[in-house]
Each structure stands twice: as C-alpha cells, then as structure tokens.
Amino acid sequence: MKIINKSLIKSVFILSTILFLGCSEDEKQKVITKTRLVMQEEFDVNGAPNPELWNFDIGTGNNGWGNNEQQFYTDRPENIIVEDGMLKITARRELYLGSSFTSARITSKGKYEKKYGRIEARIKMPLGRGLWPAFWMLGSNIQTTEEIPDDPSTVPWPQCGEIDIVEYLGNNPINVFGTVHGPGYFGGESISKNYTLKTGRFDNEFHVYGIEWGENYINFYVDDALYHRVTPSDVPGEWVFNQPYFMILNMAVGGNLPGPPNDQTAFPQTMWVDYIRVYE
C-alpha cells in the first residue's frame, strides 16, 4: 500500500451530522462524518497496479464468480494499466483463450482489508450495452476454491457478505446503484437502490462513489448525495457487516444482469479510476 499526498485534493467535503431516517435519491445531504485519512491509492506510478496493494484475478467470468459473464480477466497492460495518474481497466472485443472479450479484475484480499470507515473512489464509467463495471467489497473470510471447504475460518458467499459500493450498466449512463448481499438477501433478493443523475452522465465525467460504514449502518452516496441507507432492521437475514472486507475493482462484459453487448457497443471501453481513499 502506498501513501501519497497530492498537492491538489480533488474532492472536498464538509463535516456534518447525518439527521435522517430515510432519503430519496433526489435529496442532497452532507454525509461525511469520518474525516481522518488512513489510506489513499492515487495511482501515481505508471505501469502495473501496485503489487503491495493489489492482486490480479485471472480467468473467465465464470471462473468461480458466476453470473455467466463473457470476458476473460487478464493482467495484460492492454486490459489494465496505470497511466497519467489513473488506473485504466479496459474491456476489449477479441478472441482470447476461448472467450470473446477480455477485461481485468483486481482485489486487495490479504493486502488491505478494512472494518468500518468511509471508503470512496473517483471514477469515470464506460458506455455501451453489456458493460458492467463495479467498485465493491467482499468479506475477508470468504471461502475460495484454494481453501479447505470445511475450514471453520472461512464461509461461502453470501454468508461472507458483499457490499457493492457502486455498480453501473453501460446502457444507462445516468444511473448507478448500491447494494448489499448476505445470507437470505442475495441475488434478486439483495438490498439495493438506484441513484439517477439529474444532469450530466456517468460516462463522460468523473464522480465520487462511496460508503460510510459503521457497526449498524452502511450509507451509500454519490458525490455529496446520500441516497441509500441499510441497517440490521432492513435485512431479512443475518447482519454480516461487522468484520473486515477487501476491495475489488473490475469491469465485467455480459452476464445475467447487463446481458450481452450488441452491435452498437463500441470497443475498447475503459473504466477510469482516479483514486481510492479510506477515512476513519
């Protein structure tokens, strides 16, 4: 993990108290209560993503991840590279090891894991049907294929929990959504809410996507708009969000949610990530 201070802070927030029980997506509310910077990834060193912070997931979209995705995730610079102060995750239409598309997915599992805090990223999204970029988190106790299935220290998804800080479908450039998955509320039964821009688009400008997460709440926001709050009383199953989670950045192509790309989807398409910052 690298800690780098930029001379220009690109996102300024005002400390305030959250006074609300519910919030519609068109309400503007200041959501920042955690202000002590404890980690920042500014993507200021050109080349591959920082190996002290990031792992590559390599393989097909169904390589243990499901969703009937169509891409092959690689670690090639054609699909993922840091340049000019940005992380660029690029989806390409090409035949590669049996897949029709390539893209990339990185995680901070085992390298940076966090329990509670404000976790945010500044991102510009791609455009086109079938594109599914996301900035999200999984419980660090998730059971993987490399681990012993009956290892009591690990559990399968969705028991480990999942926090989707932001997901976006490339055919709807004014809409994003935030979601939690857990035991009894996953897939089509997950707890999710959309946020729709009144002006502008997510594919031609940067926006800040984040959560503020505490013992009994997760607040989702875009820029300075708080649009989704989840508490233990909102979930029909166990609250599994009181443990460390790791971060994931990826761009899927196709899959159950967005459907496949069509003839109007231009490739290559890039997800641009300016920074990730974590506060307590």
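Observations on the model:
- Enclosed volume per residue, in Å³, of the convex hull spanned by Cα atoms of the range 112-257: 115
- Separation of the alpha carbons by more than 27 angstrom is noted, of 114/198; 34/109; 111/198; 109/198; 88/111, for 114/198; 111/198; 109/198.
- Both numbers refer to the Cα atoms of the chain; Rg and Dmax are 17.8, 52 Å.
- A compact globular protein would have a Cα radius of gyration near 2.2 N^0.38 Å; the ratio found for the range 182-280 is 1.28.
- The convex hull around the C-alpha trace of the range 222-261, projected and averaged over every direction, spans 5.3 square nanometres.
- Gaussian network model of the chain, springs between alpha carbon atoms under 10 Å - residue of 264, 71, 243 with greatest fluctuation: 264
- When the chain is treated as a Gaussian network with alpha carbon springs shorter than 10 Å, the biggest mean-square fluctuation among 247, 39, 137 belongs to 39.
- Extension gain for residue 193 to residue 46 (0.36 nm times residue separation, less C-alpha to C-alpha distance): 49.4 nm.
- Whole-number percent relative contact order across the range 106-175, with pairs defined as alpha carbons under 8 Å at least 6 apart: 39
- In nm, spacing of pseudo-spin labels at residue 201 and residue 175 (7 Å Cα→C-beta vector): 1.6
- Extended-chain gain in nm, criterion 0.36 nm per residue less alpha-carbon gap, residue 78 and residue 97: 5.3 nm
All of the numbers you see were taken from the coordinates with simple rules; none came from a lab. Note that the coordinates shown come from a computational prediction; the quantities given were computed from them, not determined experimentally. Every residue, glycine as well, gets a Cβ built from its backbone with ideal geometry; the counts of neighbours run over all protein chains shown.
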